[in-house]
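Computed from the coordinates by the stated procedures, all read-outs in this text should not be read as laboratory data. No experiment lies behind these values; they were computed from the predicted model shown.
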Amino acid sequence: MKNENLKYRLMILPVFALLTLFMYIPVVRSIGIAFQHYTMFDLSKVKYCGLENFSKIIFDPDFNFFQILLNTALWIFVSLFFQFTLGFCLALLLKKPFKGRGIYSGLVFYAWALSGFAIGLVWAWMFNGQFGLANDLLLRAGIIGLPIGFLSDPNFALISVIIANVWYGIPFFAIMLLAALQSVPTELYEAASIDGAGPVAKLFRVTIPTIMPTIVSTTLLRTLWIMNFPDIIYAMTNGGPANSTNILATQMINKIYKNYDYGQGSALGVIIIALLMIYAVIYLKIASRKETSV
Amino acid sequence: MKKALIVLLACVTLGFAVSCKGSGKVELTFMETMTSPERTAVFKEMIAGYEKENPNVTINLISPPYDQAENKETMMLNNKQTLDVIEVRDYSVKQFVNNKNLENLEKRLASWEDGKDLLPITLASARTVDNTAYIIPEFFYIKALFVRTDILAKHGIKTYPATMDELIADCIKITNKKAGQYGFSFRGKSNEFKISDLLLLSDVPNIDPENVYKTTDGKFSLAEPAAMAAFTQYVKLFKESVPADGINWGFNEQVNAFVSGTCPFLVQDPDTVALVDQQLGRDKYTVVPLPVGKSGKAYLDYGFASLAIPSYSKNKDAAWKFITYMNSPKENSFLCQKYGPLPVHASTFKDDTFFSTGVYQAWSTEMSKTDSYVFVKYPLASDKWPGWAQLHEQYMQSVLLGKMTPEAATAKYADYWK
């Protein structure tokens, strides 16, 4: 028995070593850097500075931290809501077999395979206020008289980047939920029909409760990913205009790549990790309570 | 048997060692940072020429994607990874010198024959940090005004603006928003200060050439009354002759607006020439010197990239020889013709018709009329410098959106540089 145990431990060792090398050590190191004055500009001046990086970020007079937090929350939850709802609808539509379903699903899932940065560049052109497709269509349809500055007007910029993100994330939910839907036993629907349940009742009483574990895990995963996904914003607006689309992840990139300030960049990373951990714990608690009540 | 095997092994090892030493092969690792597929191809051609001339040298070119190149270079230098020749951008020199990553090239520069032909601006740039030549510039970017001759002719404009006031007036005059005709090809993001500040400061007569954000009497230049008045004019230029979307325009959108004819005035660097040539052709545009401000001057910053040797390289002599080849007047002119920016030798501007005629005359004028065109430096050595672009952009955008007054933004800028 003991030998067996040792064998299993040895077998997971390579993965554990890789994770340690590429995940745990960098995370621990960046937590350390978060408490240091650490700028690439002059590495001879690296020194511990306590919580200074955090206070500089939170009380930054130039980049309002609370606006960035609000932007982050809107970016995550609005994107997530529409990605999930539309992805779920798509999964329901794709559940029933029809001619050409394979090709159709292939095309639909294509977006998920693209790089976030490339998607950002494409959508940046679509939303271009001068030459963009969105404006062209709206102008031709007579809905607007003058082009809208989708990415240059703070009232539209966040909505525009969220639309691009929704488009990108729908296939993920569609793939995952479709797999879950296909595993719902048909007997349950038959039994529900005998009990007189209509399509809506079946959806809310049978389908959703059965696939609840998938819904919980996918929405949680997506939340983490969206929060850590600055690619689209970076390519479309780089946080502008005037900070209106800046989220924690883009600000972190700007601190590191533009300001060479690894200390403040790491501090932002630590804030992101902390917020995500708190969110995950609360979310899983609520979800498990719901599941037991179902 | 065992003995025989040992002898054989020893012979092979010895033979290998001798052959390695005897061949005198040198492998130089060369990293570029301003990567583009077109330019990498030009570099490869130049390298092939060098390898042909020097059969004992192999150049191993590393070409990381443009966006990650500088970071990769920084990492490699700080970890002392194998590098013999590196391309260093102007903004990074101070950082690399601070971290003791660059070799002092003064002695080598003094004994280099072609070094005597370098332009004064090349030598000044080589000594950007600590007045010591840690780098040898490869080429320059200097702003000039690109003009769509065909579009302006339609609006009856045949003489091109020589002053900022004329430029603003022309831009506003031809703008007809309903017809989709605007004037100025605006830069709203991604280092927008490199254009906006040039325009804001051209009315100030006494800018310190060593630090564009200071006047010669030590005041913050952007807060000078003349600069504040120019700021208001700049906002007017934006409101009355630029599509609202211009706030979000980077390089690509700027060039696109120029090529499409939406905005027939564009302030850009010489590497835009190749791009516009390709998409438009020289019969539809020309380049003129940047208009001067009320001070009678235009302040031009000069961006550049350079070649340098990491302080820990094991092949410094071979690396220097390669740098002198890449930066010889012949090869340098070849690179600049293919790639677009301005060469570093005085003789190239005199002898090479490519640079002494046509659109490049605009830059030739800017470099020779020293009373009107003053070359200025950004405070690259300040530890506040890396954060400046993002801060500047955020407040400039706030002003253009009408969320902030020019005065309030200038106060923020002054605060930052305090």
Exercise. Counting every Cα pair in the stretch A:154-294, what percent are over 24 Å apart?
Worked result: 50 percent
For this session: Would you kindly derive the ³J(HN,Hα) couplings of the stretch B:71-78 from the backbone phi angles with the Karplus curve 6.51 cos²θ - 1.76 cosθ + 1.60 (θ = phi - 60°), listing them in order in whole Hz, with x for Gly and Pro?
Result: 5, 5, 4, 4, 4, 4, 5, 5
Seminar exercise, completed: Sorted by chain and then number, the residues having a modelled amide H within less than 5 Å of the amide H of B:GLU138, at least 5 places away or on another chain, are B:ALA305, B:SER306, B:LEU307
Exercise. When the Karplus curve 6.51 cos²θ - 1.76 cosθ + 1.60 is applied with θ = phi - 60°, which whole-Hz ³J(HN,Hα) does each residue of the stretch A:212-219 get, with x for Gly and Pro?
Worked result: 3, x, 5, 4, 4, 5, 5, 5
Seminar exercise, completed: For A:HIS37, the residues 5 or more places away or on another chain with a placed amide H closer than 5 Å to its own amide H are A:LYS47, A:TYR48, A:CYS49
Problem set entry | Volume in Å³ per residue [convex hull over Cα atoms, computed for chain B] | 165 Å³
Problem set entry | For the stretch B:113-123, Karplus couplings with θ = phi - 60° (6.51, -1.76, 1.60), whole Hz, Gly/Pro x | 4, 5, x, 6, 8, 5, 5, x, 5, 5, 5
Exercise. Going by the alpha-carbon gyration tensor, a ≥ b ≥ c the square roots of its eigenvalues, is the stretch A:62-168 rounded (a/c under 1.5) or, if a/c is not under 1.5, prolate (a/b greater than b/c) versus oblate?
Worked result: oblate
Problem set entry | Viscosity 1.002 mPa s, temperature 20 °C, Stokes-Einstein D of the stretch A:64-262 from Kirkwood C-alpha radius, µm²/s | 114 µm²/s
Exercise. Tell me, how many Å apart are the Cα centres for the stretch B:169-192 and for the stretch A:235-274?
Worked result: 31 Å
Problem set entry | Alpha-carbon centroid distance for the pair the stretch B:290-354 / the stretch B:208-270, whole angstrom | 26 Å
For this session: Quick one: which residues, 5 or more positions from B:ASN60 or on another chain, have an amide H under 5 Å from its amide H? H modelled 1.01 Å from N in the peptide plane, none for Pro or chain starts.
Result: B:LEU28, B:THR29, B:PHE30
Problem set entry | For the protein assembly as shown, convex hull of alpha carbons as volume per residue, Å³ | 254 Å³
Seminar exercise, completed: In deg cm²/dmol, rounded to the nearest 500, the helical mean residue ellipticity at 222 nm of chain B, built from -39500 (n - 2.57) for every DSSP H run of length 4 or more, is -14000 deg cm²/dmol
